[in-house]
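This report concerns only the one structure given below.
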Amino acid sequence: MPLKHIWRVNRAALAAAGLALIAGTAAILAAAGVRDPWALAGATAAAAAIVVFAGIVQERYRSERERRGEQRLRVHDGCLVLADGDLPLVRDIVDPVRLGTHRAAPAEAASGAAASGAPASGAPAGGADAPAYIPRDLDGELRELLAAGGFVLLVGDSTAGKTRMAFEALQATLPAHTLIVPVGANAIPAAVSQAADGPRSVLWLDDLERFLGPGGISAAYVGRLLSGSGHHRVIAATIRAAEQARLTADMRADDGTSDGLQDVREVLDQARHLRIARLFTTSELERAGVRDWDPRIAEAIRHADSYGIAEYLAAGPLLLRDWQDARSSSAGTAARGAALVTAAIDVRRAGYISPIPQDLLDEIRGQYLDDPEPGGTPGGPLAEAWTWATAQRSGTACLLSPVGDNRVEVFDYLTDTVQRRAGPLDRVPEPVVRSALASAGAADAGSLARTAYNQGRWQLAADAWRIACRLLASDPGAGQEHPDTVTTRDNLALVLHDLGRLDEAEAEIRAVLEIRQRALGPDHPDIIGSRSNLALVLHDQARLDEAAAEIRAVLAARQRVLGSDHPDTLASRSNLARVLRDLGRLDEAEAEIRAVLAARQRVLGSDHPDTLASRNNLARVLRRLGRLDEAEAEHRAVLAIAVRTLGPDHPDTLGSRGDLAGVLRDLGRLDEAEAEIRAVLAARQLVLGPDHPDTLASRNNLARVLRDLGWLDEAEAEVRAVLAIRQRVLGPDHPDTLASRGNLAGVLQDRGRLDAEAEHPAVEAVRSLVLGPDHPGTLADGLANADADADARADAEMITNEG
């Protein structure tokens with residue numbers, strides 16, 4: 001019988017026995033001849049005290065048994081189970097730390113610190129000493145969502161209180177549900193099976209990013225858990241806002257996205273998001289004030305103007321200050337320890353999701369020291385640095401927490417603070433990322449690749465996905481044709497396409513398609529996705545008729561399986577319009593785009609990114625048709641919505657401004673075009689970095705306008721700068737690099753420079769070798785190639801890369 005049920009029975013028996021003892025005491029004394037009323041009253045009171053004391057003892061015994069029972073929780077098949085091997089119910093977890101809540105300082109330590117004015121430090125805190133829960137404004141909404149069932153995702157900064165809020169809501173709403181807590185992504189298949197086996201279950205995914213990617217939670221798993229009737233299943237998850245930004249940075253909704261990246265987006269899209277603020281509202285602070293009998297809460301309230309209550313209780317500001325102070329010191333143990341912490345933060349920001357090997361941090365720490373010393377001895381400065389970095393502070397957390405097997409976890413509050421200030425597209429130094437790759441398993445390599453890809457570091461992403469492919473293929477539990485391996489190869493094909501290595505991309509996609517066709521039916525979404533990606537590559541190889549045939553086949557399958565208004569079906573129609581446009585069938589392309597636009601406005605709404613993409617594509621076709629005033633009006637309308645819904649510096653908004661600049665140039669309004677391009681370039685350099693492909697596109701378009709204005713010295717300098725970066729980042733044979741060489745030849749020709757005559761044949765020879773003799777880029781002359789490059793980059797500036 002469950003412990004709490006036993007307690008209910010025992011409590012009733014204790015009450016009955018107590019009443020009998022109280023009533024019987026007087027009767028026994030009377031039968032013995034005792035008549036003194038004071039004696040009778042005293043004996044009765046003593047009996048009552050015994051009953052009360054026995055109740056207290058039994059309550060403490062019950063609490064102790066519950067605590068010990070929870071301590072016997074263990075991991076089996078990658079999931080948390082009770083001592084007897086059964087899955088726990090939600091109510092069996094009494095310590096919120098078990099589900100990932102940050103520890104708070106013990107009440108005694110906080111009380112002493114408050115009295116002395118010093119930060120709390122000392123004994124570790126346990127769940128039994130967790131501060132009282134302060135109800136949040138969104139508690140009611142969260143509990144309604146959990147009661148309704150489905151996928152609920154709490155988003156917020158580290159130490160915003162997401163996990164504690166979810167813990168309390170689950171306890172209040174779903175106490176009798178089976179709780180499945182996987183400890184890592186490799187446990188997801190077993191966890192999903194266990195959750196699907198029961199009629200009432202909660203799958204708990206704290207720090208959702210740890211469970212995404214190949215082998216982890218997928219859109220198909222989410223659908224399996226939540227589809228059907230006759231059950232009540234919940235996926236409850238948290239994700240830090242900085243991690244969500246890292247995962248979705250520059251993630252575009254085009255039909256050419258790899259299955260792996262698209263699946264991450266679909267998982268996030270399937271959840272109902274609830275954003276939790278770090279700073280408490282006025283009403284939340286009032287509720288905290290009612291609980292100021294806890295000295296920890298009272299101390300946190302005094303700092304509520306600067307910090308959230310949960311943030312302060314978790315000692316986030318204290319640990320941040322310790323790390324920052326140590327970083328500012330020039331030498332010594334603290335500086336060396338801070339270098340280890342900084343290295344760990346960057347490894348995590350780069351996308352490494354597993355506990356970080358200490359050997360990796362030892363290897364790269366010198367990059368974070370002003371005066372790195374040679375390797376330390378086990379008892380020397382390096383050992384002291386590790387002691388400093390792993391010391392517990394405020395009785396709560398460590399800057400680096402050892403997790404066994406010579407690995408550590410960095411305090412996520414530090415990572416979030418750095419990421420929030422730097423932005424999700426800020427790049428960790430490449431040597432650090434490559435060192436992390438050398439220590440990575442398949443899941444970490446894939447995560448590092450996703451971050452690099454979203455930041456436009458395509459060669460780095462390709463190398464990371466190759467490592468992930470090799471690790472998965474050699475894994476006895478996976479192998480060459482395992483779905484995770486195939487999905488990773490699909491990701492590799494995507495980045496090969498972006499690198500301009502189209503033949504390699506085609507070969508990879510056809511290999512993936514062949515494996516999937518052996519294992520899956522012809523209308524399976526993965527096969528349709530592979531065929532769509534193949535069409536994208538065929539289009540960029542200028543094999544337009546083949547691309548059109550492939551897209552029509554994909555479109556027919558999606559209409560049959562998904563319906564005419566499904567977003568994937570509409571994406572295929574949009575891609576068909578793109579091919580029709582490039583085939584010169586502009587009237588057909590316009591009709592197709594207008595049909596897709598009408599459907600998206602009806603199904604998704606006027607402000608949805610896919611709807612804006614369709615309007616952008618329509619403007620592009622109008623521009624090709626020479627209807628420039630209409631194109632300008634459409635681009636300005638899209639830009640206004642993008643600024644309002646996404647913000648002025650969002651990559652999609654900057655893409656819209658780039659499109660508008662192109663139309664202004666075509667209208668001959670060169671001064672306006674130059675100003676618009678310079679504004680886009682400045683924002684992209686700040687947001688994306690100087691080497692990002694979109695930043696280089698803006699510099700290329702600036703050179704084009706400078707050339708039109710006759711400012712040939714500046715145009716040549718800009719083209720040469722773009723060419724140098726493209727040669728370094730993309731390689732000498734990438735189509736964009738070749739386009740830059742063609743642009744340089746065009747500028748040299750305008751200047752009457754004789755070396756233009758030598759540059760043109762060299763570019764065309766490489767174009768013919770790389771793209772093929774019949775590719776439009778090969779057939780065009782050098783002057784036209786400058787325009788072709790700008791148009792190609794304009795396509796990349798779409799809100800989604802559909803057209």
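The values are calculated or read from the model by the stated rules, or taken from the named source; none is laboratory data. Just so you know, these numbers come straight off a predicted model, no measurement behind them. Please note: Cβ atoms are built from the backbone with ideal geometry, for glycine as well, and neighbour counts cover all protein chains shown. Just the protein is used for accessible areas: all its heavy atoms, side chains included, with ligands, DNA and RNA removed. Shrake-Rupley method; radii C 1.70, N 1.55, O 1.52, S 1.80 Å.
In what sequence, highest mean first, do 330-338, 525-533 appear when ranked by Cβ atoms within 10 angstrom?
With the highest mean Cβ count within 10 Å placed first, the list reads 525-533, 330-338.
How do E266, E209 stack up against each other in accessible area, from largest to smallest, with a 1.4 angstrom probe?
Details: E266 65, E209 10 Å².
These residues rank, largest area first, as E266, E209.
Using only alpha carbons, build the gyration tensor for the stretch 265-344 and give me the equivalent ellipsoid semi-axes, biggest first, whole Å.
31, 24, 9
Looking at the stretch 180-310 from every direction and averaging, what is the projected area of its Cα convex hull in nm²?
Quarter of the Cα hull surface area: 10.9 nm².
Put +1 on the Cβ of every Lys and Arg and -1 on every Asp and Glu Cβ in the stretch 174-249; which of V181, A219, T238 then has its Cα farthest towards the positive end of the dipole?
Projecting each Cα onto the dipole axis, the largest value belongs to A219.
How large, in percent, is the carbon and sulfur part of the accessible surface of the stretch 474-528 at a probe radius of 1.4 Å?
51
Just the number, please: carbon plus sulfur as a percent of the accessible area of the stretch 150-250, 1.4 Å probe, no ligands or DNA/RNA counted.
The value for the stretch 150-250 is 51 percent carbon and sulfur by accessible area.
Could you pull the Cα extents of the stretch 260-299 along its three principal axes, largest to smallest, in whole Å?
Taking max minus min along each principal axis of the Cα atoms, the stretch 260-299 gives 50, 18, 12 Å.
With the cut-off at 1.5 for a/c, could you classify the stretch 506-609 from its C-alpha gyration tensor as rounded, prolate or oblate?
oblate
Would you mind putting 586-594, 667-675 in packing order, based on average other-beta-carbon counts within 10 Å, highest first?
Numbers: 586-594: 18.3, 667-675: 15.3.
Those peptides, ordered most packed to least, come out 586-594, 667-675.
Order the peptides 283-291, 430-438 from the highest to the lowest mean number of other Cβ atoms within 10 Å of their residues.
430-438, 283-291
What shape does the stretch 426-485 have by the C-alpha gyration tensor, where a ≥ b ≥ c are the square roots of the eigenvalues, rounded means a/c under 1.5, and otherwise prolate means a/b greater than b/c and oblate the rest? Spell out each step's value before the answer.
Values: a/c = 2.88, a/b = 1.95, b/c = 1.48.
Prolate shape, in that a/c is at least 1.5 and a/b is the bigger ratio.
State whether the stretch 563-688 is rounded, prolate or oblate according to the following rule on the C-alpha gyration tensor (a ≥ b ≥ c being the square roots of its eigenvalues): a/c under 1.5 gives rounded; otherwise a/b larger than b/c gives prolate, and the remaining case gives oblate.
Details: a/c = 2.22, a/b = 1.34, b/c = 1.65.
The shape class here is oblate.
In percent, what relative contact order does the stretch 434-541 have, based on Cα pairs under 8 Å that are 6 or more apart in sequence?
In percent, rounded to a whole number, it is 18.
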